[in-house]
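Below you'll find the structure, written out as structure tokens, and then a few comments.
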Amino acid sequence: MCIPALFPALAGGAGAATAAGATAAAATAGSALSTIGTLVSIGGSLAQGIAARRTADRQADLIERQRADEARLTAIEDERIRARFRSELARQRAELAARGISLDSPTAMLLGETAAREMSFASQSRRSEGAARGGEL
């Protein structure tokens, strides 16, 4: 027995089932795409973090090299300052001796002590400047 009135009801039910299946499939595909997008985002963040770390490491190496260069430059300049003062002290002693002034006289001693203090001050000043520059790095 065939009832033609049931065909539309059955056809409508099958259409609803097909639509529900399609919706479920779309939701599953959307969920999969969302998961893939999250994984790609995480991968990008990790790559960005690794690149930032490498850049920071390179920057730290460059700063350390610059600090070492600054220390070497400070030592060279300090030695030049001391050499200039030693040369000046030798010239001063030679002048005093040429004038017939004894190098152990109070005047010669005072001049020598003053020059030595100035040399010490200039040297310490240069070393302090170098240390401050190194500290800024």
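The values are calculated or read from the model by the stated rules, or taken from the named source; none is laboratory data. Fair warning: this is a prediction, and the values are worked out from it, not measured in the lab. Note that we place each Cβ from the backbone using ideal geometry, even for glycine, and neighbour counts take in every protein chain shown. Calculation scope for accessible area: heavy atoms of the full protein, side chains included, ligands and nucleic acids excluded. Shrake-Rupley method; radii C 1.70, N 1.55, O 1.52, S 1.80 Å.
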Separation of alpha-carbon centers, segment 115-129 and segment 36-63, rounded to whole Å = 47
Put a dot 7 Å past each Cα toward the Cβ at LEU39 and ALA83; how far apart are the dots in nm?
-> 6.7
Kirkwood Rh and Cα Rg combined as Rg over Rh, evaluated for segment 87-137 | 1.26
For segment 50-137, what are the per-bin percents of Cα-Cα distances with bins 10 Å wide, up to the bin holding the maximum?
-> 16, 30, 20, 15, 10, 5, 3, 0
Per residue, accessible area of segment 25-89 with a 1.4 Å probe, heavy atoms of protein chains only, in Å², comes to 77
What net charge do the residues around ARG84 carry, taking every other residue with its C-beta under 13 Å from that of ARG84, with Lys and Arg at +1 and Asp and Glu at -1?
-> 0
Whole-Hz Karplus couplings 3J(HN,Hα) for segment 87-101, θ = phi - 60° and coefficients 6.51, -1.76, 1.60, Gly and Pro as x, run 5, 5, 4, 5, 4, 5, 5, 5, 4, 4, 5, 5, 8, x, 8
